[in-house]
Amino acid sequence: KEQRKENHKSVAGGMKNTAALILLFLFSQVVLKIIKHYQEEGQGSEVVQGVLLGLVVDDRLEITNCFPFPQHTEDDADFDEVQYQMEMMRSLRHVNIDHLHVGWYQSTYYGSFVSRALLDSQFSYQHAIEESVVLIYDPIKTAQGSLSLKAYRLTPKLMEICKEKDFTPEGLKKANIGFEHMFEEVPIVIKNSHLINVLLWELEDKSTVADKHELLNLSSSNHLEKSLQLLMDRVDDMSQDIVKYNTYSRNLSKQQQQKHQYLQRRQQENAQRQSRGEPPLPEEDINKMFKPPQPPPRMDTLLIAGQINNYCQNVKEFTSQNLGKLFMAEALQGHN
Amino acid sequence: MSRFFATGSDSESEESSSADEITPKAPGTTFKQSLLLSDDEEDTKRVVRSAKDKRFEELTNLIKTIRNAMKIRDMAKCLEEFEQLCRAFLKSKNIVDKEGVPPFYIRLLADLEDYLNQLWEDKEGKKKMNKNNAKALSTLRQKIRKYNRDYETEIAAYKENPQESADEEEEKEPEDSGASSESEAEDGDEGVSAKAFLKKKPEAAPEASKFLKSAKGSGDESTSSDEDDDEDWGSDTVDSGSESSDEGEGKSASLAVVFLKKTHDADKSSEKKLGKKKKPKKKERLEEEAEEEGGEEVEGGWEKVKGGVPLVKEKPKMFAKGTEINTAVVVKKLNEILQARGKKGTDRAAQIELLHALAAIAAENNLGQGILVKIKFNIIASLYDYNPNLAAFMKADMWKKCLDCIDELLDILFENNNIFIGENIAEDSENLGVSDQPFRVRGCVLTLVERMDEEFTKIMQNTDPHSQEYVDNLKDEGRVCGIIDRLLTYLENKGSTEEICRVYLRRIMHTYYKFDYKAHRRSLGLQGESKSEQDQEESEGEDSAVIMDRLCKFIYAKDRTDRIRTCAILCHIYHHALHSRWYQARDLMLMSHLQDNIQHADPPVQILYNRTMVQLGICAFRQGMIKDAHNALLDIQSSGRAKELLGQGLLMRNMQERNAEQEKIEKRRQVPFHMHINLELLECVYLVSAMLLEIPYMAAHEFDARRRMISKQFHHQLRVGERQPLLGPPESMREHVVAASKAMKMGDWRTCHSFIINEKMNSKVWDLFPETQRVREMLVRKIQEESLRTYLFTYSSVYDSISMETLSEMFELEIPTVHSIISKMIINEELMASLDQPTQTVVMHRTEPTSLQNMALQLAEKLGSLVENNERVFDLKQGVYGGYFNRDQKGSYQQKQQGYQRGGYRNQNQGNY
């Protein structure tokens, strides 16, 4: 635990808090609770989720507490989650804890969190409570020695799109949104009360510095392989989506052509009819004859792109760190 | 149309059934045809007339309802009936075409139109009508106007001369009132007489009503009316007569029902009636026979059947006393009996009895073998006919009788060289009498035997294969084979090539699936234990292989129908494969080119083909040709419907897709149980061969993105094994194979071996092979070799070098074998290594990329295709304007890509999209 606290500090120290829409003050208690929750209930690729509680102060969001969603089993299908949340918040209020719902947290597996489910729930959160954030906790990275906690919000643009539910290619094009502009990251500052800080200082003196090995772990292939595997899967999905889109646009253009031809023919016919003094044939039925093909929803593609981006960032970060470590190790070797 | 429903229109159904001559009904039809041929003019005409009667009866019935409706001014009813009438009239069109439009029909049309017009004029009445009726009236009026346009001339003629119809009307009146004047009706208009009949039998069961009536009436009257009925309703009399005679013996259940309707002393009265009936009939018969003797056969065949009926009880009186029994009389008698065949309600058992009696008489009076043969033919045909349903199978006693009869028939044929039989001998050119000329008999013994064989199959299909009964029935197979063998020798002397081919095929069909243990033992050089057994062995004749060879080659050379040859080839291959003559079997299969066009064959042949392929695969497996075995079995196993494809049972899940009719057909196609191929053995052979192929392949291509599955089925089993939450020791055959595969993946051949070959698997699978020991040895060796390969693939990256000696110890293979396997792997570039001869070691080269590198390569490939797809989207959008990327760029990009690529993955990929 101590270790983690140290880590928190270092990460928090590294955070830049410039250009923040909202600055996130995260209380260390929350961090520990989230980690504990994952360690107790999460395994492998399973994710754990929970509710964040806190307050908005000026342009900062202070998250002071949290509680987990209970794990679902099959026999309590009629479990009412909302009811549970309300109950929980009421109870917390009784013990004088902030009871305002300000978002939720979720663990992730190798950084694969950019999904439709996340988008939907974050949208509904943000729709109901404007300042909501989603806190993503990456246990694997944390286990490697650096705490990974990130807070995200949907950009106003994406909120607009989600509100309109227009995921067609045209809609997205009009909204001019790319995968880069879907989520905005909110800087996190981990804050401790002075009392805790004092305690930590005191503890630091007493504790041995010995066990900090995780940071220096040199083995990289396992993590990289896993990331690559996931990355590949997403690339496959992307490919499929592109093919789908390709077929769609081909169909569309083909139909457009047909429509055009038909229109021309109709016009010619009408011209002839006019010369013969007959009434021209109507042109309204054309839309009935040529139903445009169902456009494929593009939101998923965007999400996949976002996810791929995310993976890439992860891999890049990881490799650059590892490279440094390797050089360091080499130097050490030469020294010996 | 079933011939059992057709009281009158026999000719129709006969024609339809004789049209398809290949059907198993064939023998029956040939005789029927002969029967028809012998019928004289009068008879055929009668048939047509009664068909007409039936139609007209329908029409008159409808007309009557219409008239009734007219009387009560029920227009809705009228309309409805009229529509029905039109439909019925349309149905009887071909009769109408022949006979002209019946006057009563025209009369109705005219009357109806008049009546409707009248109603139409009557404004008052129309107002009173309810809405429904009024509507119906207007529709009907329009309809009849339109309809009558077609019959304008007739109606006009009728209107000119309504007298005629009036007469008929009058005629009808007395009939309606009194039931006694049937004879008049017969002379009169057919339609009306039909109507009269209707009056008599408003219920579905005509006999029942008749008997009811007779029961009601007092003694004499009922008999006489019965007699009358019989006069003009001949076919039925046969039923009633024969049934009532049976009734004493308590045979006919349906009749019992009929009689149940009567008063409690039904039996007595019927007995009485019979007594009464008999007397006049006998007299009648005598007269008739006398008549016939004179050559007058007009009504003869008709009445006589009825006459013959009571005789069942008193067999010696088959012929009237004093009649000289000669060939002609017996033939006539035979024909009489045959007339009743196929008619509704004919008691088939009684008929068979009659025929037997006739045969006895013929034999008693020494009428010669010719007539005897003919009667035998008919007996057998009747036996086959006994079951009206094609799907039903013969009862045991019938079957025995049938076998006996055929045996006897063949006895006669063998004893008497001067009997010619053939389907092409016309009925009138038959020579049955004893004379210097050889006998000539119409009929085909081959068809009879073929039918017998089919019946046998049917019996086997319908017996529970796990019962003692099945074993008992199977014992008859020897007899069936015996008969076929005798027929074969007979036909070899007398039959045409075509017939010989057919009988050869039958013989082949009974031989191909049996393993020749005798020959097997002989080939192994084992002698029978005792002297006597050895003698027996020798006396039992040639090897089945030799027989098969001889018969099949004859068929290949002589047969002109494709089907027989195809079947023969398949059976030949099957037989080869069964006896482990793999190369012959394979060559024959390849040379026949059956694989190309078997899908055009009919289902039974396809089933045979599937059986052959499976047998071929199993044979290849026994010979250690794992790849061939896998390929041969792939088609059958991959579908998951092996059971269905081999005709060894129906799949339940397809039940909804087929209806009862299809199911029946499919059931008939099933192969009898004793010919089944063990499905578990089949699956095991397949899975083990898949394992031996797939596991090394998987190890070799662990990181290959374009890895293809060799066997989906096998992968499926592996997945199922993986999904198991708790892995216990393997129970089923599949679990054993899966467990063995897992062991093999690790290169652990001993465990693999113990999973594949152990007590359980022996009893389940391996012991079913004739050469168990050899197969097991082969299998062990294969497992060792493939495990070695797998081991090298999987763990080569761990080693810098490995001694071949160690490998040979690990896998218990000789060093040369190890050497050859490794060399082969190196040559095929499966293993990046080289052999160091002096130290007998394999030196690894370590050129294989690590898994991470592999992954990166894969990713690069995938990204390449992604980019390409993306470009295509651009092309589409910008294509008109010249393209976002110009061609050169793209080309260079692709070239760059080539560096990463091995093989034609890209091309394949492009093919997919």
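Table for the structure above
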| item | result |
| --- | --- |
| For region B:56-73, 3J(HN,Hα) per residue [Karplus equation, 6.51 cos²θ - 1.76 cosθ + 1.60, θ = phi - 60°, Hz, x = Gly/Pro] | 5, 4, 4, 4, 4, 4, 5, 4, 5, 4, 4, 4, 4, 5, 4, 4, 9, 6 |
| Percent antiparallel among DSSP beta bridges (both partners in chain A, rounded to 5) | 60 percent |
| Other-chain or far-sequence residues with amide H under 5 Å of B:Leu831's (modelled H) | B:Ile826 |
| ³J(HN,Hα), Karplus 6.51/-1.76/1.60, whole Hz, each residue of region B:756-763, x for Gly, Pro | 7, 10, 8, 3, 4, 5, 4, 6 |
| Residues whose placed amide H lies under 5 Å from that of B:Val842, excluding near-sequence neighbours | B:Ile802, B:Ser803, B:Met804, B:Asp836 |
| Protein accessible area in region A:235-334, 1.4 Å probe - carbon and sulfur % | 54 percent |
| Where the Cα pairs of region B:52-161 fall when distances are cut into 5 Å bins, in % | 2, 12, 23, 24, 19, 11, 6, 2, 1 |
| Mean shadow area of region B:763-824 over all directions, Cα convex hull, nm² | 5.3 nm² |
| Residue-wise HN-Hα coupling along region A:107-114, computed from phi with Karplus coefficients 6.51, -1.76, 1.60 (Hz; x: Gly, Pro) | 7, 9, 10, 6, x, 9, 10, 6 |
| Computed [θ] at 222 nm, deg cm²/dmol, chain A (DSSP H ≥ 4; -39,500 (n - 2.57); rounded to nearest 500) | -18500 deg cm²/dmol |
| Dipole in debye (nearest 20) - region B:52-161, about Cα centre, beta carbon charges: Lys, Arg +1; Asp, Glu -1 | 480 debye |
| Selected from A:Ile136, A:Phe327, A:His94, residue furthest toward positive end of dipole (chain A; charges at beta carbon) | A:Phe327 |
| Inter-chain Cβ neighbour average for residues A:216-223, partner chain, 10 Å | 1 |
| Interchain or long-range residues, amide H under 5 Å from A:Ala151's placed H | A:Ile136, A:Val186 |
| Shape of region A:235-334, Cα gyration tensor, a/c cut at 1.5 | prolate |
| GNM top mover of A:Asp98, A:Asp138, A:Asp205 - chain A, alpha-carbon springs below 10 Å | A:Asp205 |
| Among the listed pairs A:Lys141/A:Lys173; B:Lys71/B:Lys135; B:Lys54/B:Lys458; B:Lys742/B:Lys824; A:Lys150/A:Lys316; A:Lys150/A:Lys244, those beyond 26 Å (Cα-Cα) | A:Lys141/A:Lys173; B:Lys54/B:Lys458; A:Lys150/A:Lys244 |
| Cα-based equivalent ellipsoid of region B:678-844: semi-axis lengths in Å, sorted from largest, via gyration tensor | 29, 19, 13 |
| Antiparallel DSSP beta bridges within region A:23-212, as percent of all bridges there, nearest 5 | 60 percent |
| Selected from A:Gln240, A:Gln126, A:Gln83 as most flexible by GNM, with chain A as the system and alpha-carbon contacts under 10 Å | A:Gln83 |
| Ellipsoid equivalent to chain A - semi-axes via the Cα gyration tensor, in Å | 52, 27, 17 |
| Accessible heavy-atom area order of B:Lys93, B:Lys824, B:Lys401, highest first, probe of 1.4 Å | B:Lys824, B:Lys93, B:Lys401 |
| Heavy-atom SASA rank of B:Val688, B:Val798 (probe 1.4 Å, accessible area, largest first) | B:Val798, B:Val688 |
| Given charges at beta-carbon only (K, R positive; D, E negative), |dipole| of chain A in Debye | 1340 debye |
| Peptides B:479-492, A:160-173, A:101-114 ordered by average Cβ neighbours within 10 Å, highest first | A:101-114, B:479-492, A:160-173 |
| Accessible solvent surface per residue of region A:235-334, calculated while the other protein chains remain in place, 1.4 angstrom probe, Å² | 65 Å² |
| Interface size B-A, as summed buried accessible area [1.4 Å probe, Å², nearest 100] | 1600 Å² |
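The values are calculated or read from the model by the stated rules, or taken from the named source; none is laboratory data. Here the structure is a predicted model, which means the values were calculated and not measured. Virtual Cβ from ideal backbone geometry, glycine too; neighbours counted across all protein chains shown. Quick note on the areas: whole protein, heavy atoms, side chains included, nothing else; ligands and nucleic acids left out. Shrake-Rupley method; radii C 1.70, N 1.55, O 1.52, S 1.80 Å.
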